[in-house]
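Student: This is the structure, below, for whatever I ask next.
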DNA sequence: GCCGGCCGTGGTAACGTCAACAATCCGGAG
DNA sequence: CTCCGGATTGTTGACGTTACCACGGCCGGC
């Protein structure tokens, strides 16, 4: 097996052409004679040539690498987004490097790191919106998932409000007088949108909403929030801001002796893989993570390859994808 | 704001030294006068200098980048590993690029891609063990998580068998005559180890195991596997190979009118975030993903920085981390 | 007081690639 | 027959960094 890495020069020598011609073949430039191209390609294959990305990046200033920034990757939604982003990027010939915001102090470092690594652009997952602003003005090409619109970057996301309206309408249509909301954390854009959709649907039906109980997305917070809610009211329909909180809610309802859906109907949001195995199986809103990732990558690459400065066509390609109501037993 | 990227030459000029000295400061070589160093550092700060990774990689042959290979990242275990690996790598100054094996055909391409991107080494998550062999012999420095020992790469993992024994012993100690197993897929090393531990514990207690029911890790497969099991036997104690299958099992038991833990005790494996909100809260084995990721990164970097050929100290640093039994209501 | 050696520093080249330009070859037009 | 233009191919740097070697100055030892 060959000891050293194969460079263009070696391929060139073997094929009896200049390095430049090898370069042209590697980047399939049209200006190469078919016969020559064939010879070069054979030499590449024989030697097992692989272009050196570092050299290419140095020369062109493009690393063919995308960054993904997230507070954490260990949540259901983020990891599914990541999966989809990774595949989309790979299929377009881009590498993907991930940066998490672990410690709070590291937040401003995150984008620095990204730039050091020479990514051509980055995708930011929801919760980091605030700093995306700084980064964008610092000249990094960005696509942000689930963010309020901002002309410094492209925004892609789920239409959370529409989903929340669908959930609420579904419950009202089933005959419930009102719908109680188990909301997500206040600093989350997605949570705010879902809450807004719920309020809008209630308003449209002419009913005044109770103040929502609030959790932090985690299932345990859902349990506790519902416990609190049950101390003051006796809901017949609950719209939880995500499936995990809904799971906690289901347990709290069971603990209080209520049956779902006979006594209380529950709708979640996300359609996590396990939602169909909850007790009872959870009616929920399915987000199309694959489409989101695909769109985000496409938008980012378009922005990169269109070249130009990042302020050229700022919010181009922003899209909201509507979630789909999946009916199961819980409502 | 400065238009172009700041290079060493600019810093050198501003500090009145040669580029070489700037390089020494950037890599904090000891051979530089404190006063000079201070001047250079100030110049760096004023100009906002950031070393160019591509150039460095080209020159040194090291990219300060690690790869992570996984079949998918959208599972609970893998995403938690990823999170931990990402943070460990970042804290040691390495970037992390992820490669998923999406399509089957892409399997052999995955490692090629990794090498193209010039990673210094890679961490492989369990299910991809088979190809790790090829990659390792192809000269890539590897750490594999949850794999049978192999002298071509370092192996780090959870001691699945020990966890399974603990679960089984726990159930036997509670007075159950035998323990039924809800096993994972046959091609998974972790699943095989968990099954082995279960068999060993039963053997030690002198009871002959029933053939395990088998699922694919998913909660729905757990539901169906348990349904099948209930057609032939009436278990009093079940050890499920992971929490998600346990979730499906809980629902199947509820559907069949059995109470947990009164009629049937259930133990899972993983301690996913939601396990405490299952009905009833699930007794399970907690894997220390953070420790795994940390160790894996440490082992890989050690191997990289020790330099030398990859066959030098092959299986160095392999570690098994024992999971911890978390007792909740289900058993 | 001379010499060997260490310390801090600078100069030069090279890593592998690609952009710009120069060179060559061909056929066909004038 | 010469000249022109298009199509292919080659030559020459440069991207930003670091490895290697060389240089001047200072120290202590003889």
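Student: Restricting the stretch B:225-262 to residues that are in a loop (DSSP other than H, G, I, E, B) and out of contact with any strand residue (DSSP E or B) (no Cβ under 9 Å at 6 or more places or on another chain), which is surrounded by the most Cβ atoms within 10 Å (Cβ to Cβ)?
Tutor: B:258
Student: Could you list all residues from the stretch A:263-287 that are surrounded by 23 or more Cβ atoms within 10 Å (Cβ to Cβ) and within 15 Å of residue A:170 (Cα to Cα)?
Tutor: Passing the criteria: A:264, A:266, A:267, A:268, A:269, A:282, A:283, A:284, A:285.
Student: Could you say which residue among A:264, A:272 is within 21 Å of residue A:326 (Cα to Cα) and either out of contact with any helix residue (DSSP H, G or I) (no Cβ under 6 Å at 6 or more places or on another chain) or touching a residue at least 60 places away in the same chain (Cβ under 8 Å) (or both)? If you could, list the steps in order and put the result at the bottom.
Tutor: Details: A:264 fails: either out of contact with any helix residue (DSSP H, G or I) (no Cβ under 6 Å at 6 or more places or on another chain) or touching a residue at least 60 places away in the same chain (Cβ under 8 Å) (or both).
Just a single option satisfies the conditions, and that option is A:272.
Student: I would also like to ask the following. Of the conditions (1) more than 14 Å from every other protein chain (Cβ to nearest Cβ); (2) modelled with pLDDT of 95 or more, residue A:243 satisfies every one except a single condition; which number is it?
Tutor: The failed condition is (1).
Student: Restricting attention to the stretch A:201-217, does a residue exist that is within 15 Å of residue B:277 (Cα to Cα) and surrounded by 20 or more Cβ atoms within 10 Å (Cβ to Cβ)?
Tutor: Taking every residue of the stretch A:201-217 in turn, at least one turns out to be within 15 Å of residue B:277 (Cα to Cα) and surrounded by 20 or more Cβ atoms within 10 Å (Cβ to Cβ).
Student: Looking only at the stretch A:84-101, how many residues end up being within 7 Å of another protein chain (Cβ to nearest Cβ), surrounded by 24 or more Cβ atoms within 10 Å (Cβ to Cβ) and part of a helix (DSSP H, G or I)?
Tutor: Here the count works out to 1.
Student: I've got another one for you. With respect to residue A:296, is the statement that it is surrounded by fewer than 19 Cβ atoms within 10 Å (Cβ to Cβ), under 30 Å from residue A:120 (Cβ atoms) and more than 11 Å from chain B (Cβ to nearest Cβ) true?
Tutor: In short, no.
Student: Do any residues in the stretch A:13-33 that are more than 8 Å from DNA strand C (Cβ to nearest atom) have Cβ atoms under 8 Å from those of residues that are part of a loop (DSSP other than H, G, I, E, B) and modelled with pLDDT of 95 or more, where the two are at least six apart or on different chains, and which pairs are they?
Tutor: Within 8 Å, no pair qualifies.
Student: Pick from A:25, A:76: which is assigned by TED's automatic domain parsing to the domain that holds residue A:296 and under 38 Å from the mean Cα position of the chain (by Cα)?
Tutor: A:76
Student: Next question. When you scan the stretch A:206-224, how many residues do you find that are more than 18 Å from residue A:72 (Cβ to Cβ) and either touching a residue at least 60 places away in the same chain (Cβ under 8 Å) or assigned to a loop (DSSP other than H, G, I, E, B) (or both)?
Tutor: 7
Student: With the requirement that a residue be more than 8 Å from chain A (Cβ to nearest Cβ), touching a helix residue (DSSP H, G or I) at 6+ places or on another chain (Cβ under 6 Å) and farther than 19 Å from residue B:294 by Cβ, what does the stretch B:48-83 give you?
Tutor: B:49, B:71
Student: Check A:176, A:181, A:170 and return the single one that is at pLDDT 95 or above and part of a loop (DSSP other than H, G, I, E, B).
Tutor: Sole residue among the options that is at pLDDT 95 or above and part of a loop (DSSP other than H, G, I, E, B): A:176.
Student: Next up: Among the residues of the stretch A:63-94, count how many are more than 18 Å from residue A:124 (Cα to Cα) and free of Cβ contacts under 8 Å to residues at least 60 places away in the same chain.
Tutor: 3
Student: Does residue B:194 satisfy the condition of being within 28 Å of the chain's Cα centre (by Cα), buried (at least 23 other Cβ atoms within 10 Å of the Cβ) and either farther than 19 Å from residue B:78 by Cα or at pLDDT 95 or above (or both)?
Tutor: Yes; evaluated as a whole, the condition is true for this residue.
Student: Within the stretch A:85-96, is there a residue that is modelled with pLDDT under 95, out of contact with any strand residue (DSSP E or B) (no Cβ under 8 Å at 6 or more places or on another chain) and within 16 Å of DNA strand C (Cβ to nearest atom)?
Tutor: Checked against the condition, which is being modelled with pLDDT under 95, out of contact with any strand residue (DSSP E or B) (no Cβ under 8 Å at 6 or more places or on another chain) and within 16 Å of DNA strand C (Cβ to nearest atom), the stretch A:85-96 yields at least one hit.
Yes/no per residue for (1) touching a helix residue (DSSP H, G or I) at 6+ places or on another chain (Cβ under 6 Å); (2) closer than 17 Å to residue B:234 by Cβ:
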residue: B:178; (1), (2): no, yes
residue: B:187; (1), (2): no, no
residue: B:194; (1), (2): yes, no
residue: B:207; (1), (2): no, yes
residue: B:210; (1), (2): no, yes
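The values are calculated or read from the model by the stated rules, or taken from the named source; none is laboratory data. Here the structure is a predicted model, which means the values were calculated and not measured. Because the Cβ atoms are built from the backbone with ideal geometry, glycine has one as well, and the counts that use them run over all protein chains shown.
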